[in-house]
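Taking it in order: structure first as structure tokens, then the write-up.
What follows draws every value from the coordinates through simple rules; no lab data is involved. What you are looking at is a predicted structure, and each value in this text was computed from that prediction instead of being measured. Note: ideal-geometry Cβ built from the backbone for every residue, glycine included; neighbour counts use all protein chains shown.
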Amino acid sequence: MNLMGENTKQDWLYFNNTFYLMSSTMKSWKDSREDCLQRNADLVVINSREEQDFIMRWHIESWIGLSIRGTEGNWEWVDGTSITLSYWEVGEPNRYKQEEDCVEVGNNNWADVSCNDLNLWICEKKASPTAPIEAVGP
């Protein structure tokens, strides 16, 4: 079964019907998102405590798909949904100098930081079978 199409050669991890890729280089939030999009994925959208815990297994500060978007100044995920649950670090978000419009995960919680900072990032891609499932066994 080929769930990832052309991306099977990369180091994607599977969890709860979704594939995740942790970058090995550092980029700005915008450039990180572009990298994910080129892989037919996007920056991770955290939808549950289980997903947050899974992401935290890396123990590495990295971009997630949450930022302040539009003129309203509201936190929004890359898929266009509003934030409904959050795991902010104490004292966050603080929008220091009104320059911290993107979010990194690290130390078990989230922090708002400048989108121009260089950081690792996590891509997310929903699993969708592209080939028939074949039985494996004797």
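Values as computed for the structure displayed
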read-out	value
Under 5 Å, built H, 5+ apart or other chain: amide partners of S28	N119
The stretch 40-54 - phi-based ³J(HN,Hα) in whole Hz, Karplus 6.51/-1.76/1.60, Gly and Pro as x	6, 9, 8, 4, 4, 10, 8, 10, 7, 4, 4, 5, 4, 4, 4
Total charge dipole magnitude, the stretch 32-106, about the Cα centre, Cβ charges on Lys, Arg, Asp, Glu only, Debye to nearest 20	40 debye
Per-residue HN-Hα couplings for the stretch 87-102 [Karplus 6.51, -1.76, 1.60; θ = phi - 60°; Hz; x = Gly/Pro]	10, 5, 5, 4, x, 10, x, 10, 6, 3, 6, 6, 10, 9, 10, 10
For R69, distant residues with modelled amide H under 5 Å away	N74, E76
Modelled FRET efficiency - R0 25 Å, L118 with S82, Cβ distances, 0.05 increments	0.35
Whole-Hz ³J(HN,Hα) from phi, Karplus 6.51 cos²θ - 1.76 cosθ + 1.60, for the stretch 103-115, glycine and proline x	10, 10, 9, x, 6, 6, 9, 9, 9, 8, 9, 5, 5
Potential lengthening between W58 and N108 on full extension [0.36 nm per residue; Cα-Cα distance subtracted]	17.0 nm
Net charge of Cβ neighbours under 15 Å - reference E89; Lys, Arg +1; Asp, Glu -1	-4
Ranked by how many other beta carbons lie within 10 Å on average, peptides 85-91, 48-54 from highest	48-54, 85-91
For peptides 113-119, 75-81, sequence by mean Cβ density within 10 Å, most packed first	113-119, 75-81
